[in-house]
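S.K.: Got a structure for you, written out below as structure tokens; questions coming shortly.
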Amino acid sequence: MAIVDLYPTSLRLLGRPVLVVGGGTVAARRAKALLDTGARVTLVAPELSAPAKELADAGLLTWHARGYESADMADAWYAAAATGSAEQDARVASDAEANRIWCVNHSDAQESAAWTPAVATVEDIKVAVNAGGDPLRAVAIRNAIAAALESGTLPLRRYRGTANGPAASTGQGARLGKVALVGGGPGAEDLITVRGRRLLAEADVVVADRLGPRGLLETLGEDVKVIEVGKTPGHHPVSQSEINAILVREALNGNRVVRLKGGDPYVLGRGGEEAIACRENGVDVEVVPGVTSAVSVPAAAGIPVTHRGLAKAFTMISGHEELENVPHGSDHTVVLLMGVGTLNRSMPILEAAGRGSDCPVAIIENGYAKDQRVTMGTLGTIAGLAQAAKVRNPAVVVVGDVVRVSPFAPAELATANYGTRETFSTLS
């Protein structure tokens, strides 16, 4: 049989009788796969391997504890010959041919009327691979395709309705859509989670922030609706209540909606409010965690938020919140999000609370982007340094002794007697 002889198709075997001849591990795999389709499986073999016996003992199939007889083929819609004996498998295949029943001959692929492909299932997508009779090659290709589907690098979006979910279009009686609040991480396209990337590939509508992996929006199909709701400091063109309404409206119209957010949806991302709005309106919602910028952006500058001997705990807080009650001491790291505009107020508060003016501070702008920049100083100097350097959001401010660990820290910060110095580091 040549590969051009194959006519790929998918059999719907639910409730239909099928025959498996053989009791070894190959026969057990074939019987299990057929049972998974809902077929009524009859297994014929004098003895069973442990996997096959497990299926028989569970009552999942009918087992005839004897050798194969031609009469076994009478009612079958499909058959698999997997006895391990080329002669016996050939006899089963010959009987199937005489009865016009498709049969897989596991002893001789070239003479087999049907081939069993390597199969991968991702949600409601089933991929079957044949590779010229080379099963290991087929498995390798199948695994690569499955990985690409799982990661969202292959298109997963539905274009018409199925029994399992809505299509992009809507209409009378359309099924409800759903919302996924996806944390996109600090902005790098390869730091989004695999699940988040896959849901983005399935989306009909994407409600996007200005932060997060913006480059992934360019990979979406032209008919995917992208709704921009990004906020900048002091400028919120789309209010949070409007964002909530958009998510609910699009889902009720039958769409798969992804709310693509920077960082993590539940870390200063107002994802909790969006989830509540969806649930209150009967919309199914799931939350996909993301890598929060509070931890990842300092790491991009080589700064751990905890470090043995320097800091064993950290506090993450908005730069707009009260800082008086943050634990004292430079051995407790403080990470400020949205804190650039309040440096003149926040740095003196932290200094007066027991850290002193010499406590190291780092500001990381545009973490993981090509124009990432790191400015370093102390509680006593960082506000002036940031103003002179025209530091802008998005940025993360790190306060504490852990700043000394960064490979970008100047020599003065690595000793007890450092002075005031700023260091800019642009990472590619």
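S.K.: Within the range 314-325, does at least one residue satisfy the condition of being crowded, with 18+ Cβ neighbours inside 10 Å, β-branched (V, I, T) and outside any loop (DSSP other than H, G, I, E, B)? Full working, then the answer.
M.R.: Applying the first criterion (crowded, with 18+ Cβ neighbours inside 10 Å) to the range 314-325 yields 314, 317, 319, 323.
From the residues that got through so far, the ones that are β-branched (V, I, T) too are 317.
After this cut, where a residue has to be outside any loop (DSSP other than H, G, I, E, B) as well, the list is 317.
Yes, the conditions are met somewhere in the range 314-325.
S.K.: Suppose we filter R100, R91 for residues that are basic (K, R) and more than 46 Å from the chain's Cα centre (by Cα); which single one remains?
M.R.: R91
S.K.: Sticking with this structure for a sec: Which of (1) more than 11 Å from A301 (Cβ to Cβ); (2) open to solvent by less than 20 Å² (accessible area, probe 1.4 Å); (3) over 34 Å from the mean Cα position of the chain (by Cα) is the odd one out, the single condition M376 does not satisfy?
M.R.: Unmet condition: (1).
S.K.: Another one. Check L268 against each of (1) modelled with pLDDT of 90 or more; (2) in contact with a strand residue (DSSP E or B) (Cβ under 6 Å, 6 or more places away or on another chain) and name the one condition it does not meet.
M.R.: Evaluating L268 over (1) modelled with pLDDT of 90 or more; (2) in contact with a strand residue (DSSP E or B) (Cβ under 6 Å, 6 or more places away or on another chain) leaves (1) as the failure.
S.K.: Also, I was wondering about something else. Considering (1) within 27 Å of L6 (Cβ to Cβ); (2) at pLDDT below 95; (3) within 34 Å of the chain's Cα centre (by Cα), say which one A39 fails and leave the rest.
M.R.: The single condition A39 does not satisfy is (2).
S.K.: Restricting attention to the range 339-355, does a residue exist that is of a type in the set (S, T, N, Q) and open to solvent by less than 30 Å² (accessible area, probe 1.4 Å)? Can you show your working first?
M.R.: Filtering the range 339-355 for residues of a type in the set (S, T, N, Q) gives 342, 344, 346.
Applying the additional criterion that residues be open to solvent by less than 30 Å² (accessible area, probe 1.4 Å) yields 342, 346.
Within the range 339-355, one or more residues are of a type in the set (S, T, N, Q) and open to solvent by less than 30 Å² (accessible area, probe 1.4 Å).
S.K.: While we're on this one: In the range 57-76, which residues are open to solvent by 80 Å² or more (accessible area, probe 1.4 Å) and touching a Pro at 6+ places or on another chain (Cβ under 6 Å)? Walk me through it before giving the result.
M.R.: If we filter the range 57-76 for residues that are open to solvent by 80 Å² or more (accessible area, probe 1.4 Å), which is where we start, we get 57, 60, 63, 69, 75.
Matches in the range 57-76: D75 only.
S.K.: Can you name every residue in the range 124-142 that is part of a loop (DSSP other than H, G, I, E, B) and in contact (Cβ under 8 Å) with a residue 24 or more places away in the chain? Can you show your working first?
M.R.: Quick first cut of the range 124-142, residues part of a loop (DSSP other than H, G, I, E, B) only: 124, 130-134.
Within the range 124-142, D124, N130, G132, G133 qualify.
Okay, residues lined up against (1) among the hydroxyl-bearing types (S, T, Y); (2) on the phi < 0 side of the Ramachandran plot; (3) surrounded by fewer than 15 Cβ atoms within 10 Å (Cβ to Cβ):
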| site | (1), (2), (3) |
| --- | --- |
| L11 | no, yes, yes |
| G22 | no, no, no |
| T37 | yes, yes, no |
| P46 | no, yes, yes |
| L55 | no, yes, no |
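S.K.: Any residue in the range 55-73 that is over 11 Å from A31 (Cβ atoms) sitting within a Cβ distance under 7 Å of a residue that is of a type in the set (D, E, K, R) and in a helix (DSSP H, G or I)? List the pairs, counting only those 6 or more apart or interchain.
M.R.: Within 7 Å, the pairs are S70/D95; M73/D95.
S.K.: Before we move on, is S330 part of a loop (DSSP other than H, G, I, E, B), of a type in the set (S, T, N, Q) and touching a Cys at 6+ places or on another chain (Cβ under 9 Å)?
M.R.: Details: part of a loop (DSSP other than H, G, I, E, B): yes; of a type in the set (S, T, N, Q): yes; touching a Cys at 6+ places or on another chain (Cβ under 9 Å): yes.
The answer is yes for S330.
S.K.: List the pairs whose first member sits in the range 389-412 and is of a type in the set (D, E) and at pLDDT below 90, whose second member is open to solvent by 10 Å² or more (accessible area, probe 1.4 Å) and part of a loop (DSSP other than H, G, I, E, B), and whose Cβ atoms are under 6 Å apart, counting only residues at least 6 apart or on separate chains?
M.R.: E412/Y418; E412/G419; E412/R421
S.K.: Moving on to the next point. Can you report the number of residues in the range 271-309 which are open to solvent by 50 Å² or more (accessible area, probe 1.4 Å) and over 30 Å from L252 (Cα atoms)?
M.R.: 6
S.K.: When you scan the range 93-123, how many residues do you find that are without any contact (Cβ under 8 Å) to a residue 60 or more places away in the chain, open to solvent by 60 Å² or more (accessible area, probe 1.4 Å) and in a helix (DSSP H, G or I)?
M.R.: The qualifying residues number 3.
S.K.: List every residue pair whose Cβ atoms sit under 6 Å apart, with the two residues 6 or more apart in sequence or on different chains, where the first one lies in the range 362-374 and is among the small types (G, A, S) and the second, anywhere, is surrounded by fewer than 24 Cβ atoms within 10 Å (Cβ to Cβ).
M.R.: Short answer, once both residue conditions are applied: G367/A300.
S.K.: Can you name every residue in the range 105-123 that is more than 39 Å from the chain's Cα centre (by Cα) and of a type in the set (S, T, Y)?
M.R.: S107, S112 - these are the residues of the range 105-123 that are more than 39 Å from the chain's Cα centre (by Cα) and of a type in the set (S, T, Y).
S.K.: Kindly indicate whether A82 is closer than 22 Å to A120 by Cβ, in contact (Cβ under 8 Å) with a residue 40 or more places away in the chain and under 39 Å from the mean Cα position of the chain (by Cα).
M.R.: Numbers: closer than 22 Å to A120 by Cβ: yes; in contact (Cβ under 8 Å) with a residue 40 or more places away in the chain: yes; under 39 Å from the mean Cα position of the chain (by Cα): yes.
Considered against the rule, which asks whether it is closer than 22 Å to A120 by Cβ, in contact (Cβ under 8 Å) with a residue 40 or more places away in the chain and under 39 Å from the mean Cα position of the chain (by Cα), A82 comes out as yes.
S.K.: Please verify whether V361 is under 15 Å from G384 (Cβ atoms), of a type outside the set (S, T, N, Q) and not in a loop (DSSP other than H, G, I, E, B), treating the condition exactly as stated. Don't jump to the end; show me each part of the working.
M.R.: Numbers: under 15 Å from G384 (Cβ atoms): yes; of a type outside the set (S, T, N, Q): yes; not in a loop (DSSP other than H, G, I, E, B): yes.
For V361, the condition - under 15 Å from G384 (Cβ atoms), of a type outside the set (S, T, N, Q) and not in a loop (DSSP other than H, G, I, E, B) - is met.
S.K.: Moving to a separate point now. Under 8 Å between Cβ atoms, at least 6 apart or on separate chains: pull out the pairs that start in the range 251-262 with a residue that is in contact (Cβ under 8 Å) with a residue 60 or more places away in the chain and open to solvent by less than 10 Å² (accessible area, probe 1.4 Å) and end on any residue that is among the charged types (D, E, K, R) and in a strand (DSSP E or B).
M.R.: From residues that are in contact (Cβ under 8 Å) with a residue 60 or more places away in the chain and open to solvent by less than 10 Å² (accessible area, probe 1.4 Å), the pairs are A251/K178; A251/D284; V257/K178.
S.K.: Scan the range 356-366 residue by residue and report those that are surrounded by 15 or more Cβ atoms within 10 Å (Cβ to Cβ) and either aliphatic (A, V, I, L, M) or more than 15 Å from S293 (Cα to Cα) (or both).
M.R.: Matches in the range 356-366: D358, C359, P360, V361, A362, I363, I364.
S.K.: Looking only at the range 177-224, filter to residues that are open to solvent by 40 Å² or more (accessible area, probe 1.4 Å) and of a type in the set (A, V, I, L, M); which one of those is nearest to E274 (Cα to Cα)? First the steps, then the outcome.
M.R.: To start, the set of residues in the range 177-224 that are open to solvent by 40 Å² or more (accessible area, probe 1.4 Å) comprises 178, 189-191, 193-195, 210-211, 214, 218-219, 222-223.
If we keep only those that are of a type in the set (A, V, I, L, M) as well, we get 191, 194, 211.
Details: L191: 23, V194: 22, L211: 17 Å.
The extreme case among them is L211.
The values are calculated or read from the model by the stated rules, or taken from the named source; none is laboratory data. A quick note: this is a predicted structure, and the numbers were derived from the prediction, not measured. Note that we place each Cβ from the backbone using ideal geometry, even for glycine, and neighbour counts take in every protein chain shown. In case anyone asks, the SASA skips ligands and DNA or RNA and just uses the protein heavy atoms, side chains included. Shrake-Rupley method; radii C 1.70, N 1.55, O 1.52, S 1.80 Å.
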